[in-house]
Amino acid sequence: MKNVLMMILLLAGIESQAGDNQGKLVVKVTNLGDLKGQVMVGLFDKEDNFLKKPVKGVSAKATAEGQELVFENLPYGEYAVSVIHDENENGELDTFLVIPTEPYGFSNNVMGKFGPPSFEQTKISFKKDTSVEIKLNR
C-alpha cells in the first residue's frame, strides 16, 4: 500500500511539472477582408520543417471581427507561426507562378524579399501564455 501511495504521489508530481512547461498560445489574425473560406494556422519548431510540416495546426471559419485561434497545452519553446486565409477551402495556399493569390502572414509580421521569410525571422519565444497578432498580407 505504501508503494502504491508513493507511486501515485510521484506520478502526480510528474504531471504537475509537465503542466508547468506548457501553456496557451493565442494567434490573433487581422486584415481578413473577405469572409469566405477558413483561416489556417501552422506552428513550426525548427528550420528543417518550416513551411513543410507543422508540428501543430488549427483552422476556423473566417469572421468579420478577425479570428483568434488557440493552441492549448503547447510545450514551451521557440516556434514560427504561418497563417493562410484559405478562401476557397482547398487546404493550401494558392499561387500563380510562385506568387500567393490568397492572403497569408507570419509571426513577427515579417515578409521575405524573394520568397517566404526564414524560420529565424519569424520565430517567437514561447515561455508563458502568449498572444501574437498576425496581419495578413492581401
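Eigenvalues of the alpha-carbon gyration tensor of the chain, scaled by 5 and square-rooted, set the equivalent ellipsoid semi-axes at 35, 16, 13 angstrom, largest first. Residues in the stretch 94-106 carry Karplus couplings, in order, of 6, 9, 10, 6, 5, 8, x, 10, 10, x, 8, x, 9 Hz; the curve used is 6.51 cos²θ - 1.76 cosθ + 1.60 with θ = phi - 60°, and Gly or Pro positions show x. Here K46 is the anchor, and the lysines within straight C-alpha reach of less than 26 Å, apart from those fewer than 8 places off in the same chain, are K24, K28, K56, K113, K123, K127, K128, K135. The mean sequence separation of alpha-carbon pairs under 8 Å and at least six residues apart, normalised by the residue count of the chain, gives a relative contact order of 30 percent. Backbone amide hydrogens, once placed in the peptide plane, bring Y76 within less than 5 Å of Q22, G23, excluding anything fewer than 5 places away on its chain. Annotation: the residues L136, L51, sorted from fewest to most other C-beta atoms within 10 Å of their own C-beta, follow the order L51, L136. Rounded to the nearest 500 deg cm²/dmol, what is the calculated helix-only ellipticity per residue at 222 nm for the chain, with -39500 (n - 2.57) per DSSP H run of length n ≥ 4? Roughly -5000 deg cm²/dmol at 222 nm, from the helical runs in the chain. In degrees, nearest 10, range 0 to 90: what is the angle between the Cα axis of helix 2-20 and the longest Cα principal axis of the chain? Roughly 20 degrees, rounded to the nearest 10.
This ranking places S131, S59, S82 by how few other beta-carbon atoms lie within 10 Å of each, fewest first, which gives S131, S59, S82. Fewest-first ordering of F114, F106, F50 by other beta carbons within 10 Å of each residue's beta carbon gives F114, F50, F106.
In sequence order, the stretch 51-63 has phi-based couplings of 6, 10, 9, x, 6, 8, x, 9, 8, 7, 5, 5, 10 Hz under the Karplus curve 6.51 cos²θ - 1.76 cosθ + 1.60, θ = phi - 60°, and Gly or Pro positions carry x. Note on E68/E120: beta-carbon distance plugged into 1/(1 + (r/R0)^6) with R0 of 22 Å gives a FRET efficiency of 0.25.
Coordinate-derived values only; no laboratory data. Predicted, not measured: the structure shown is a model, and the values here were computed from it. Glycine gets a Cβ as well: all are built from the backbone with ideal geometry, and neighbour counts include every protein chain shown.
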